[in-house]
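A.B. asks: A single structure is presented below for examination.
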Amino acid sequence: MHDPYKRAVAVVFAFVLSLSPLAEVYAASPEPVEAEHGMVVTAQHLASDIGVDVLKKGGNAVDAAIAVGYALAVAYPTAGNIGGGGFMTIRLKDGKTTFLDFRERAPRASTRTMYLDDKGNPVKGLSTDGYLAVGVPGSVLGFETARTRYGTKSREELMEPAIKLARDGFVLEEGDIASLADGAKKLAKDPAAAAIFFKPDGKPYALGETLVQADLAASLSSISQQGPDAFYKGPIADAIVKASQDGKGILASQDFEQYDVRELEPIKCNYRGYDIFSSPPPSSGGVIICEILNVLEGYPISYLGYGSADTVHVMIEAMRHAYVDRNTALGDPDFVENPIGKLLDKRYAKEIREQISPFKAGVSQELMPKGFGESTETTHYSIIDDEGNAVAVTYTLNGSFGAGVVAPGTGILLNNEMDDFTAKPGVPNLYGLVQGEANAIAPGKTPLSSMSPTIIAKDDKPFMVIGSPGGARIITITLEAIINVIDHGMDIQEAIDAPRIHHQWLPDKVYMEPYALSPDTRRLLAGMGHDIDVDERWTIWGKAAGILVGGKSLADMEQANSEEAGSGRYYGAIDSRAASGAARGY
Ligand code: GLY
């Protein structure tokens, strides 16, 4: 289909034929994990085991999410945390949906120019390394808020497995060793971090050795016994504030005392009959996923096919337009007016489609508005219980092992979330994101995130739980898993494992995972004007964790009565890119 006229005809025909049955696409993936009563999917198998144990003992999905959150803080220190923050999307069995924002806040002493030199240029490393990069952590209060509002179990019961994991240690497997090796350079610079993540002789831990975190066990024990005050008002806060002062940081006791969790309405949109619930600002995730889905809904993606030049072209263009809005219009809702109504309006999606040529790539510079990220070591987990309560959590230290600092005596790794703010409008951050004023630094403000813990319902029943790490790519990773299931008919494991593409407006490039596009597809796209780069950094493409409810795939659900249909109720999949992860069900 080299002839542009023929392509246009095909697109028009495709519209007409958009009621065609789901094209079945089979990717090379193992079978998803099947279970009847509950499913927990995390990036660390020990945390998945702990979550399933909570469900087996009668805890609900929120209880399991709290136990998993603390367990990952021990067993997945690259991103699991109590020194960072995140988001929890909850859909209860009665259909109520809600969202907890426990992301970091800028310290009170922060200023909009704090990462700039005398000439007004960003100073490399200032917003990413050491104490000046640290935002006020939210995970401990986030988990406690979730527990008191929606959980059923005691804090002590939910924290006990994590305390044991830290106190007795856990055996390091290949994925754990790879992760520690990845962070070694950063961790070696901070004596308190090095004392934990290197052996007493200063050598790195080896496969099969046990990592014990005694200080972290003590911190977790005091939080378990005394509640969040142990973290925000007691010796832990004091130790972090002191270490910050010693390390040229600006954290103060008041920052900890005044930290609060926000309970917000999730972003909601409907894509081809499926209700999507995802993260509202201060995350851009839900808004931008919905904006892209609204644009794509106008194209017969299923008919155009997975990985075809036509499908990929409209995906890229929808991403290009939506990331302009992400990077320029969105910010902390307590500080800026987010134009959510406009961005989620299907008429706005139609306006965007009208700007998309079927023959030609758009030009990002031409979309520059009047006004005016890449570490990937966030982590996402998905949980559903026997009653159908579903929880999606994405939380993070931002960069791998955060700012790489541990306040002596606490065992707690601290985040470098301040880098998610706009240090200087127009200058790329850690994720390569070029952002604007809406995300400028201000005291008490939360930096804009891309984290997208998402729950999808169909006919008022849970259908899918999904999310991923991946910095600025979280949005497109989550989006692609959704359309792989809904449009391309993949099962949840295939949908997550399928190679990915990404565009984020600036730089004006299409990034593709190796093998995502065939050579002739690339030629077709290049002929339309797309500049495509193969991005071979496997760590940058996320580690999605998903659950599908009611069948292995849409086709499986449609044939529910046939002999080939799976018998399970829940299907879980951890990304094949997540070396130490596991989907566990019962
Ligand atoms: N720190 C990554 C994000 O929140 O998007």
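A.B. asks: Across region 470-567, how large is the tail of the calculated P(r) beyond 23 Å, expressed as a percent of all Cα pairs?
C.D. replies: Summing the P(r) tail past 23 Å for region 470-567 gives 36 percent.
A.B. asks: Name the aspartates and glutamates eligible as straight-distance cross-link partners of residue 96: C-alpha to C-alpha under 12 Å, and not fewer than 8 places from it in the same chain.
C.D. replies: Within the straight-line limit of under 12 Å, residue 96 reaches these aspartates and glutamates: 265, 460.
A.B. asks: Taking only protein heavy atoms into account and a 1.4 Å probe, give the accessible area per residue of region 161-258 in Å².
C.D. replies: 49 Å²
A.B. asks: Are any of the pairs 124/248; 186/424; 461/543; 268/342; 461/552; 189/242 more than 23 Å apart by Cα-Cα distance, and if so, which?
C.D. replies: 186/424; 461/543
A.B. asks: What does the net charge come to around residue 190 if you take all other residues with beta carbon closer than 14 Å to its beta carbon, with K and R at +1 and D and E at -1?
C.D. replies: +1
A.B. asks: Counting just the Cα atoms, what span does the chain cover along each of its three principal axes? Round to the nearest Å and put the largest first.
C.D. replies: 69, 64, 43
A.B. asks: Enumerate the calculated ³J(HN,Hα) couplings along region 540-552 in order (Karplus 6.51 cos²θ - 1.76 cosθ + 1.60, θ = phi - 60°), each rounded to whole Hz, writing x wherever the residue is Gly or Pro.
C.D. replies: For region 540-552, the Karplus curve yields 8, 9, x, 8, 6, 9, x, 9, 10, 10, x, x, 6 Hz.
A.B. asks: Return the Rg/Rh ratio of region 120-236 with Cα-based radii and a Kirkwood Rh.
C.D. replies: 1.03
A.B. asks: How would you order 410-417, 491-498, 507-514 from highest to lowest mean count of nearby Cβ atoms within 10 Å?
C.D. replies: The peptides rank, most packed first, as 410-417, 491-498, 507-514.
A.B. asks: Let me ask something else. When Lys and Arg each count +1 and Asp and Glu each count -1, what net charge do the other residues less than 9 Å away from residue 361, Cβ to Cβ, add up to?
C.D. replies: Counting the neighbours of residue 361, the net charge comes to -1.
A.B. asks: What percent do you get for the relative contact order of region 152-245 when only Cα pairs under 8 Å and 6+ apart count?
C.D. replies: 36 percent
A.B. asks: Can you list the residues of region 51-72 with backbone N under 17 Å from a point 7 Å past the Cα of residue 152, pointing along Cα to Cβ?
C.D. replies: The answer is 51-68, whose backbone nitrogens lie closer than 17 Å to the label point.
A.B. asks: Viscosity 1.306 mPa s, temperature 10 °C: Stokes-Einstein D of region 138-205 from its Kirkwood Cα radius, in µm² per second?
C.D. replies: Rounded, D is 110 µm²/s.
A.B. asks: Mind giving me the nanometre distance, one decimal, between the label points for residue 257 and residue 576, set 7 Å out from Cα along Cα→Cβ?
C.D. replies: Result for the modelled spin labels: 5.4 nm.
A.B. asks: Taking the solvent-accessible surface of protein heavy atoms with a 1.4 Å probe, what is the per residue accessible area of region 444-586 in Å²?
C.D. replies: 31 Å²
A.B. asks: Another question, then. Can you send over the carbon and sulfur percentage of the accessible area for the chain, probe radius 1.4 Å, protein chains only?
C.D. replies: For the chain, the apolar C and S fraction of the accessible surface comes to 53 percent.
A.B. asks: Which whole number of Å³ per residue matches the convex hull of the alpha-carbon atoms in region 467-527?
C.D. replies: Cα convex hull per residue, to the nearest whole number: 99 Å³.
A.B. asks: Continuing with this model, one more query. If you wrap a convex hull around the C-alpha atoms of region 265-314 and split its volume per residue, what is the figure in Å³?
C.D. replies: 72 Å³
A.B. asks: Give the peptides 261-271, 546-556 in descending order of average Cβ contacts within 10 Å, highest first.
C.D. replies: 546-556, 261-271
A.B. asks: Could you name the aspartates and glutamates whose alpha carbon sits less than 18 Å from that of residue 56, not counting residues in the same chain fewer than 8 places away?
C.D. replies: Leaving aside aspartates and glutamates fewer than 8 places away in the same chain, those within reach of residue 56 are 34, 36, 156, 157, 160, 385, 386, 387.
A.B. asks: Normalised radius of gyration for region 168-257, please: alpha carbon Rg relative to 2.2 N^0.38 Å, two decimal places.
C.D. replies: Relative to the 2.2 N^0.38 Å estimate, region 168-257 comes out at 1.26.
The values are calculated or read from the model by the stated rules, or taken from the named source; none is laboratory data. Only a predicted model underlies this, so the values are computations on that prediction, with no experimental measurement involved. As a convention, Cβ positions derive from the backbone with ideal geometry for all residues, glycine included, and neighbour counts pool all protein chains shown. Surface areas here come from the heavy atoms of the whole protein model, side chains and all, with no ligands, DNA or RNA. Shrake-Rupley method; radii C 1.70, N 1.55, O 1.52, S 1.80 Å.
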